[in-house]
Amino acid sequence: MALVAAACIPFAHHALPVIPVFLPMIGAIAAVAQLLTGAVLYYRFRQSGLASVAILALLFVTALLTSLAFLVSLPDVTPQTGALHPLARLASWYYFFGSVMFVVQIVALVRADDAERRNRHATAHQALSRALLGTLLVIVGCAVLGPVLTSAPFARFFATKTFVLVRLYVIVPAIALALVVAFAYVNSVFQRRLTMIRLWLGVVVLATFFQLVLSTEYAGSHFSVGWVAVLAFWLVAAALFLTMMVVNVHDMLTVLELHNDALYEKSISDELTGLLNRRGFNLRFEEQFRRSARTDESLAVLLIDMDDFKRYNDTFGHQSGDRAIASVARVIASMLRRAGDAGARIGGDEFAVILPKTDMAGAMSVAERIRGSVERLAIVQGEGARFSQITVTIGVTSMHLAGIPESAIGVETSALLGGADAALYAAKDAGRNCVRTRQIPLAGVRGESLAG
């Protein structure tokens, strides 16, 4: 931007083709960008409560009003005769007052941000109050002085070459100097803790500074190189910060989504075993049931119970019991080799396995592998247990899901789980450390048959 501004100064008065729609187009884009930025910052203030963010919102609303005043004050936009002419003269003064407000708010912003960095909320809100008070005083001053400054005597003075020289070589450079001082102050804080907002706010201040420097060169010569450059810097200042805010909001939403995903995974996972917990099992079971029903496929469920586990806890303690549970969980997890397979810990020493696209024979095979692998762990069982090492008892059921209406989903899921539970009790009655099955027909509520 500095290079472009320097390159434009020697050619600032060079005339370009006149395109009447150019200024309203650029002005509309800049004003909308400033309005959107102010709105985004306001809602961010509502969410964060930070005074510095409120001052930023105020700053961009001021920039919006100043931009509109600048547009209204230009001869190409407002007729120089009729009812709008006094408004145009008033707007040209408001452009000056708006620049003063901009500087006041920049200083207040830095003070508030510096206070928040030191966790001094009272000082930050003091800076916000002063920014609001300073803005109000400038607006009141503009309202009081405006009618006077737009009166006929002053209007004649403003039309003289003396005032034009004062405006060009005193007022505008003074505003530019104030902006440079404000930027230097902001930059001194930026060096302490650089953030995206600080970085791009600095760019906005620089763009405004270059805009004012070039405005002293084109001296009202519309559709010149300097005039177009000033509009370009105006557009840059309006659009860059909005773009940064949109990117920043997108990054925040991405982080929030990842955080929510992590929280969700944590909410459905068992901390000890890494398998699904009871809530996760219920959600996954219903999801797989509906998917299998849509695709007319089989769904199998295994319910697994560790035999005489209370005796193990009583003998070796709960910490050893947790290690034994984790060992069994690792065995179960190692048997789940397809994407849709899922294991869960649904109770203290109770597990469940979901096997989509699996008939009874396939489910029985998985259950036997789990039972045998747990037995081969050779974890010594507690005193008074049926077996010398830890074993598991497994109930297996499978249902071919076809033609099940949506209204019957709840009944059929209960029938499938009920079948697995009945098979588990049958295995316990058979002496434990074994697998038993219960076949569920097409519609679980119409009949059952015990097998195995």
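The values are calculated or read from the model by the stated rules, or taken from the named source; none is laboratory data. Not measured: the values here are computed from a predicted model. All Cβ positions, even for glycine, are placed from backbone atoms using ideal geometry, and neighbour counts span all protein chains on display. The area values use the complete protein model at the heavy-atom level, side chains included, leaving out ligands, DNA and RNA. Shrake-Rupley method; radii C 1.70, N 1.55, O 1.52, S 1.80 Å.
Of note:
A quick yes/no check of all residues on (1) open to solvent by less than 60 Å² (accessible area, probe 1.4 Å); (2) farther than 16 Å from Gly419 by Cβ:
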{"residue": "Gly340", "(1), (2)": "yes, yes"}
{"residue": "Ala344", "(1), (2)": "yes, yes"}
{"residue": "Glu350", "(1), (2)": "no, yes"}
{"residue": "Leu355", "(1), (2)": "yes, no"}
{"residue": "Met360", "(1), (2)": "yes, no"}
{"residue": "Ser365", "(1), (2)": "yes, yes"}
{"residue": "Arg369", "(1), (2)": "no, yes"}
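- Leu299 being touching a Lys or Arg at 6+ places or on another chain (Cβ under 9 Å), in a strand (DSSP E or B) and over 14 Å from Val392 (Cα atoms): yes
- First in the stretch 278-300 and in contact (Cβ under 8 Å) with a residue 60 or more places away in the chain, second anywhere and open to solvent by 70 Å² or more (accessible area, probe 1.4 Å) and assigned to a strand (DSSP E or B), Cβ under 7 Å, 6 or more apart: Ser298/His400
- Selection from the stretch 411-431 of residues that are assigned to a loop (DSSP other than H, G, I, E, B) and either at pLDDT below 90 or open to solvent by 50 Å² or more (accessible area, probe 1.4 Å) (or both): Ala430
- Checked against (1) at pLDDT below 90; (2) under 44 Å from the mean Cα position of the chain (by Cα), Ala443 passes all but a single condition, namely (2).
- Flag if Ile379 is touching a residue at least 24 places away in the same chain (Cβ under 8 Å) and within 44 Å of the chain's Cα centre (by Cα): no
- Residue match in the stretch 226-236 (condition: over 22 Å from Phe351 (Cβ atoms), under 28 Å from the mean Cα position of the chain (by Cα), at pLDDT below 85 and not in a strand (DSSP E or B)): yes
- Test: residue in the stretch 391-398 that is closer than 22 Å to Arg290 by Cα, assigned to a helix (DSSP H, G or I) and among the polar types (S, T, N, Q): no
- Among the helices (runs of 4 or more DSSP H) confined to the stretch 1-96, the ones with at least 3 residues that are at pLDDT below 80 and among the hydrophobic types (A, V, I, L, M, F, W, C) are located at 2-8, 51-73.
- The stretch 388-410 - residue that is surrounded by fewer than 13 Cβ atoms within 10 Å (Cβ to Cβ), at pLDDT below 80 and not charged (D, E, K, R) and, of those, nearest to Ala422 (Cα to Cα): Gly410
- Residue match in the stretch 149-169 (condition: open to solvent by less than 60 Å² (accessible area, probe 1.4 Å), under 23 Å from Ala207 (Cα atoms) and at pLDDT below 65): yes
- Test: residue in the stretch 326-341 that is more than 40 Å from the chain's Cα centre (by Cα) and either within 12 Å of Ile304 (Cα to Cα) or not basic (Lys, Arg) (or both): no
- Every residue from the stretch 321-370 that is touching a residue at least 24 places away in the same chain (Cβ under 8 Å), polar (S, T, N, Q) and either part of a strand (DSSP E or B) or within 23 Å of Gln389 (Cβ to Cβ) (or both): Ser327, Ser334
- Any hit, the stretch 305-320, residues being among the hydrophobic types (A, V, I, L, M, F, W, C), part of a strand (DSSP E or B), more than 34 Å from the chain's Cα centre (by Cα) and farther than 19 Å from Gln439 by Cα: yes
- Selected residue (only one of Val353, Val331 is closer than 17 Å to Met399 by Cβ, modelled with pLDDT of 90 or more and not basic (Lys, Arg)): Val353
- Within the stretch 49-67, the residues that satisfy the criterion of being under 18 Å from Ala122 (Cα atoms) and open to solvent by less than 50 Å² (accessible area, probe 1.4 Å) are Gly49, Ala51, Ser52, Val53, Ala54, Ile55, Leu56.
- Ile268, sole failed condition from (1) open to solvent by less than 40 Å² (accessible area, probe 1.4 Å); (2) touching a residue at least 24 places away in the same chain (Cβ under 8 Å): (2)
- If the condition is being open to solvent by 90 Å² or more (accessible area, probe 1.4 Å) and closer than 17 Å to Val61 by Cβ, then the stretch 1-35 contributes only Leu35.
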